[in-house]
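Peer 1: Would you mind keeping the following structure in view while I ask a few things?
The values are calculated or read from the model by the stated rules, or taken from the named source; none is laboratory data. A quick note: this is a predicted structure, and the numbers were derived from the prediction, not measured. Quick reminder, even Gly has a Cβ in these numbers, built from the backbone with ideal geometry, and neighbours come from all protein chains shown. Note: accessible area is taken over every heavy atom of the protein model, side chains too, but ligands, DNA and RNA are not part of it. Shrake-Rupley method; radii C 1.70, N 1.55, O 1.52, S 1.80 Å.
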Amino acid sequence: DTAVSQTPKYLVTQMGNDKSIKCEQNLGHDTMYWYKQDSKKFLKIMFSYNNKELIINETVPNRFSPKSPDKAHLNLHINSLELGDSAVYFCASSQIEGGTIYFGEGSWLTVV
Amino acid sequence: GESVGLHLPTLSVQEGDNSIINCAYSNSASDYFIWYKQESGKGPQFIIDIRSNMDKRQGQRVTVLLNKTVKHLSLQIAATQPGDSAVYFCAEKGNRGNDMRFGAGTRLTVKP
């Protein structure tokens with residue numbers, strides 16, 4: 001009965017590869033987000049979608065492309081992975097924009 | 001940037017003592033604030049929230065205080081337990097009002 005679920009939890013990949021992280025929420029929320037957490041635990045918003053529409057794109061390189069096939073899903077595709085992309089990526093959702101955010105368990109991405 | 005900041009990156013307390021975690025925020029227009037707890041290997045979990053029309057809100061063993069004059073938020077944990085050991089984040093509504101911005105986090109360690 002996980003509210004926000006994301007896969008994979010761990011991902012180790014080589015520089016230059018393309019990878020995707022999938023996210024689904026079963027809370028019936030309209031808004032979904034991707035946050036990036038660096039090694040110092042700082043959480044920074046990357047994207048938000050409201051009802052499949054892109055709302056926030058926080059100066060993220062265009063190698064990162066979110067896709068929302070429906071309001072319950074927000075996937076993150078990353079092209080040409082770089083060492084600096086190594087981080088924990090959190091998917092999250094909220095009932096409305098700017099409302100209480102509920103997070104998934106995170107996807108640990110390591111680029112080698 | 002880091003518009004929501006914490007002055008103490010680490011806090012160590014004795015089991016049974018009360019803990020106070022502080023946070024300074026920058027968006028004077030923010031009308032909503034949340035405290036999150038992040039345990040090792042997990043996503044941030046909602047603890048308690050407060051709206052700007054209140055200056056205090058209590059939950060189970062936790063109290064959030066809001067001082068809008070000095071743009072300061074604090075989380076008080078009563079009778080701190082080992083299970084409270086985690087990183088705590090404050091979050092405020094972003095400038096556009098459609099997302100939450102997070103502070104740098106404070107690591108709370110509870111000594112038995």
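Peer 1: Considering only protein heavy atoms, what per residue accessible area in square angstrom results for the protein assembly as shown with a 1.4 angstrom probe?
Peer 2: Accessible area per residue: 48 Å².
Peer 1: Let me ask you something else. Straight-line reach from A:LYS22: which aspartates and glutamates have Cα under 14 Å away, leaving out those fewer than 8 places along the same chain?
Peer 2: Cα-Cα hits under 14 Å: A:ASP70, A:GLU105.
Peer 1: Hey, another quick one. Taking region B:10-111, how many lysine pairs are there with alpha carbons less than 26 Å apart, if each pair must be eight or more places apart or span two chains?
Peer 2: Value for region B:10-111: 12.
Peer 1: Net charge within 15 Å of B:GLN14 by Cβ-Cβ distance, Lys/Arg positive one each and Asp/Glu negative one each, not counting B:GLN14 itself?
Peer 2: -2
Peer 1: Could you give the semi-axes, largest first, of the ellipsoid that matches region A:27-111, computed as the square roots of 5 times the alpha carbon gyration tensor eigenvalues and rounded to whole Å?
Peer 2: Taking √(5λ) for each eigenvalue gives 21, 14, 11 Å, largest first.
Peer 1: Taking the C-alpha atoms of the protein assembly as shown, how large are the radius of gyration and the largest Cα-Cα span, Dmax, in Å?
Peer 2: 17.4, 50
Peer 1: Compare the peptides B:63-75, A:29-41 by average per-residue count of other Cβ atoms within 10 angstrom and give them in order, highest first.
Peer 2: A:29-41, B:63-75
Peer 1: If you add up the charges near B:LEU65, with Lys and Arg at +1 and Asp and Glu at -1, over every other residue whose beta carbon is less than 12 angstrom from its beta carbon, what do you get?
Peer 2: That works out to +2.
Peer 1: Still on this structure: Which of B:GLN60, B:ILE34, B:ASN18 sits farthest toward the positive end of the charge dipole of chain B, with +1 on the Cβ of Lys and Arg and -1 on the Cβ of Asp and Glu?
Peer 2: Sorting the options by dipole projection puts first B:ILE34.
Peer 1: Ranked from highest to lowest mean number of other Cβ atoms within 10 Å per residue, what is the order of the peptides B:55-61, A:43-49, B:103-109?
Peer 2: Sorting B:55-61, A:43-49, B:103-109 by mean packing, highest first, produces A:43-49, B:103-109, B:55-61.
Peer 1: Let me ask something else about it. At R0 = 25 Å, how high is the FRET efficiency between B:GLU39 and A:SER39 if r is their beta carbon distance? Nearest 0.05 is fine.
Peer 2: 0.90
Peer 1: For the pair B and A, how large is the buried accessible area, both sides, in square angstrom to the nearest 100, if the probe is 1.4 Å?
Peer 2: Its buried surface, counting both partners, is about 1800 Å².
Peer 1: Right, next: In debye, nearest 20: dipole of chain A around its Cα centre with unit charges on the Cβ of K, R (+) and D, E (-)?
Peer 2: I would put it at about 220 debye.
Peer 1: For region B:10-111, treating each Cα as an identical point scatterer without solvent, what Debye log10 I(q)/I(0) comes out at q = 0.09, 0.12, 0.19 1/Å?
Peer 2: Reported log10 I(q)/I(0), two decimals: -0.20, -0.36, -0.89.
Peer 1: Please report, as a whole percent, how much of the solvent-accessible surface of the protein assembly as shown comes from carbon and sulfur atoms (probe radius 1.4 Å).
Peer 2: 47 percent
Peer 1: Continuing with the same structure: For a Förster distance of 45 Å, can you work out the FRET efficiency between the beta-carbons of B:ASN53 and A:TRP108, rounded to the nearest 0.05?
Peer 2: 0.70
Peer 1: For a quick protection proxy, order the peptides A:97-105, A:11-19 by their average other-Cβ count within 10 Å, most packed first.
Peer 2: A:97-105, A:11-19
Peer 1: How much net charge surrounds B:TYR88 when only the other residues with a Cβ under 11 Å from the Cβ of B:TYR88 are counted, with Lys and Arg +1 and Asp and Glu -1?
Peer 2: Every neighbour counted, the sum reads +1.
Peer 1: By how many nm would the segment from A:ILE96 to A:ASN26 lengthen if fully extended, with 0.36 nm per residue of separation less the alpha-carbon distance?
Peer 2: Difference between extended and current length: 23.7 nm.
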